[in-house]
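For reference, the structure is listed below as structure tokens.
Nothing in this text is a laboratory measurement; each read-out follows from the coordinates by a stated rule. Predicted model only: the values in this text are computed from it and were never measured. Heads up, the Cβs are rebuilt from the backbone with ideal geometry, glycines too, and the neighbour counts pull from every protein chain shown.
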Amino acid sequence: MKSSDTTTAWLFLAPALLLLGIFVLWPMAYLVWLGCTDGSLRDPFFVGTANYERLFTSPRFWEVLINTVVFTFGTVVPSVALALLVAVVLNRALLFRGIIRAVYFLPTVISLVAAGVSFRWLFHPQGWINALFGLSGTDWLASPTWAMPVLILVALWKQIGFNVVIFLAGLGTVPASRYEAAQLDGANDWQQFWYITLPGIRPTLVFAIVTTVIFAFRSFEPVYVMTGGGPVNRTNILVYYIYQQAFGLFNFGLSAAAAVVLLVGVLLVTAVQLWVAGSDQQD
Amino acid sequence: MTATTTPFRLAKPDTTTEPTWIRWSLIGTALLFLSLFLFVPLVVVFYEALQKGVGLYFAALIEPDARSAISLTLIAAAISVPLNLVFGLVASWAIAKFEFTGKSVLITLIDLPYAVSPVISGLIYVLIFGAQGFLGPWLQEHDIKILFAVPGIVLATIFVTFPFIARELIPLMQDQGTEEEETAISLGATGWQTFRMITLPNVKWGLLYGVILCNARAMGEFGAVSVVSGHIRGLTNTVPLHIEILYNEYNYVGAFAVASLLAMLALVTLAVKSLIEWRTGLRLGNEKL
């Protein structure tokens, strides 16, 4: 179809775009603007970068950023590495692929709240984990040492199956002839993985990493349902901090500024993905 | 963000050299370990929900606050899913079948809700529609209630589930090209006839796939809805919010009984999804939730 279709296409899209503008784009622009005000909603006063200065000079905010980085690394590294390992192993099982995909997709379609209360119950002082290991009264979620690892476990639970499914799809695109050639040359399993599988699934790998990073950046439910950011702020990650600033302390300006920081983080990660995808296409 | 949309190649030759039994025990262990891990929360939900007997389980589901939460969740999904369906069809149709300037911008816009945390989308609506918010005074004057009421919950749900259906349909429609439609139009079919008899039947499975994933998310969304709902019992609590409240009140049977509804929804969604994959023989679109 011709470029004269441009008008037709946009006219056709107009009602949908109008709604998108009213309910998505304009509100987001408003949020960015609010981040540069004192946050009084009725009569916002422009304060420039004051909120950002306040954020980045606040030890509490740095603590939150560090928690977010720990949570993100703790989620991304094992969920990507384990998922890749599992996918490589499962890629050999052709029979059960449908069932495998269904099983691994379960955490993706179940509400995080249902899962959150389950995990909270599992790690309750009188919960299943303590019963299983014969520990009495260990309160995992109230422990400054263990609360974060438990939250990471929930994030892993949510994300690992999704990554397995993504990797299985990626592995299916590596041409079988490359493996045959490598085997003829006497390459062992590890060499085949390193020199054929890994380069072959590079776009999938980048996609899985980026999706998991964004998932971790956006995480809220596990913290809200399981720890409330505690103990002693140990599990307070960025989205929860934004929530607290807005609805606990009514610092709307600061909260909006922190939301912009998060948005910039997500956009940077997405930009990295696009850049890698672009350089792949050039190759 | 682009998704991996490549369909599975089932014919993958044997690329390993170790004995069969080692391979199968490896596969078995991997499967068993991860499946156990993935199913544990589900087991907890059903076990704890039914632990005190079936009677209490059903009692927890039919008490008024639970019934109100269930109906509110159904209403929110019944409004947001069809709206996203219409939008998804229109947007993916325009993107796949037309060449126009600004296409990539449109694709980015559709993806935007994936980049924004649901809590922040809720926060945005509070800042705009709240009593102290940008449109607050105007809404009060005209006696329109958006926040802490059904419209706010629906809006938040739409925002979060916005890309689901479009994202499924775009790659599918792009794959199918425009030949069939062009033939139909050259044979004298009207635009609507072409859409109804060619385009729609061609994407019906992809559409269903997008709808069930969209629906699962719409009914299970917590973050965005929690911020705009105000947690008013019996009025603005959806199922996920109700679960959290019951748990915090130490009503574990109630919390897990209501949670079992979401668990069953997940199982049904998976079953339908697998059925579609089996029927069509290919993996559709992307699978972000």
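For chain A, list the DSSP H helices whose alpha carbon atoms reach 30 Å or more along the long axis and whose average Kyte-Doolittle value is -1.0 or above?
Helix filter hits for chain A: A:59-90, A:147-171, A:252-282.
Please give the FRET efficiency for B:L187 paired with A:R97, using the beta carbon to beta carbon distance and R0 = 60 Å, rounded to the nearest 0.05.
0.90
Rounded to the nearest Å, what's the spacing between the alpha carbon centres of segment A:127-176 and segment B:16-86? Just the number, please.
Going from one Cα centre to the other spans 16 Å.
Suppose R0 equals 51 Å; then what is the FRET efficiency for B:W138 and B:L36 from their Cβ-Cβ distance, rounded to the nearest 0.05?
It comes out at approximately 0.40.
In nm, give the distance between the simple-model label positions of B:E249 and B:T101, each being 7 Å from the Cα along the Cα-to-Cβ direction.
In this crude spin-label approximation the distance works out to 5.9 nm.
So how do B:36-49, B:62-75 stack up, highest first, on mean other-Cβ count within 10 Å?
The most tightly packed comes first, giving B:36-49, B:62-75.
How high is the FRET efficiency from A:L249 to B:Q51, r the C-beta distance, R0 56 Å, rounded to 0.05?
Step by step, r from the Cβ atoms, then E = 0.90.
Students often check this: by mean Cβ neighbours within 10 Å, which of A:36-42, B:235-241, B:85-91, A:188-194 ranks highest, and how do the rest follow?
Values: A:36-42: 17.1, B:235-241: 24.6, B:85-91: 20.9, A:188-194: 13.4.
Result, highest mean Cβ count within 10 Å first: B:235-241, B:85-91, A:36-42, A:188-194.
Could you work out the relative contact order of chain B, using alpha carbon pairs under 8 angstrom and six or more residues apart, expressed as a whole percent?
Result for chain B is 32 percent.
Would you give the gap between the C-alpha center of segment B:187-204 and the C-alpha center of segment A:53-105, rounded to a whole Å?
42
Could you tell me which residue out of A:L274, A:W121, A:W157 lies farthest along the dipole of segment A:59-282 toward its positive end? Charges go on the beta carbon: Lys and Arg +1, Asp and Glu -1, centred on the Cα centre.
Among A:L274, A:W121, A:W157, the one farthest towards the positive end of the dipole of segment A:59-282 is A:W121.
Looking only at other chains, what is the average number of their beta-carbon atoms within 10 angstrom of each beta-carbon in B:92-99? Mind dumping the intermediate values first?
On the way: counts 0, 3, 9, 2, 0, 3, 10, 7.
Counting other chains' Cβ atoms within 10 Å and averaging over B:92-99 gives 4.
Springs between alpha-carbon pairs under 10 angstrom, Gaussian network model over chain A: which of A:G253, A:G35, A:G127 fluctuates most?
Of A:G253, A:G35, A:G127, the Gaussian network model singles out A:G127 as fluctuating most.
If you rank A:T270, A:T138, A:T75 by fewest surrounding Cβ atoms within 10 Å, what's the result?
A:T138, A:T270, A:T75
Beyond a 30 Å Cα-Cα separation, which of these cross-linked pairs lie in this structure: A:K158/B:K273; B:K97/B:K273; A:K158/B:K52; B:K103/B:K204?
Details: A:K158/B:K273 18 Å; B:K97/B:K273 26 Å; A:K158/B:K52 28 Å; B:K103/B:K204 24 Å.
Check vs 30 Å cut-off fails for no pair.
Do the sum for chain B: with -39,500 (n - 2.57) for every DSSP H run of n ≥ 4, divided by all residues, what is the mean residue ellipticity at 222 nm, to the nearest 500 deg cm²/dmol?
-23000 deg cm²/dmol
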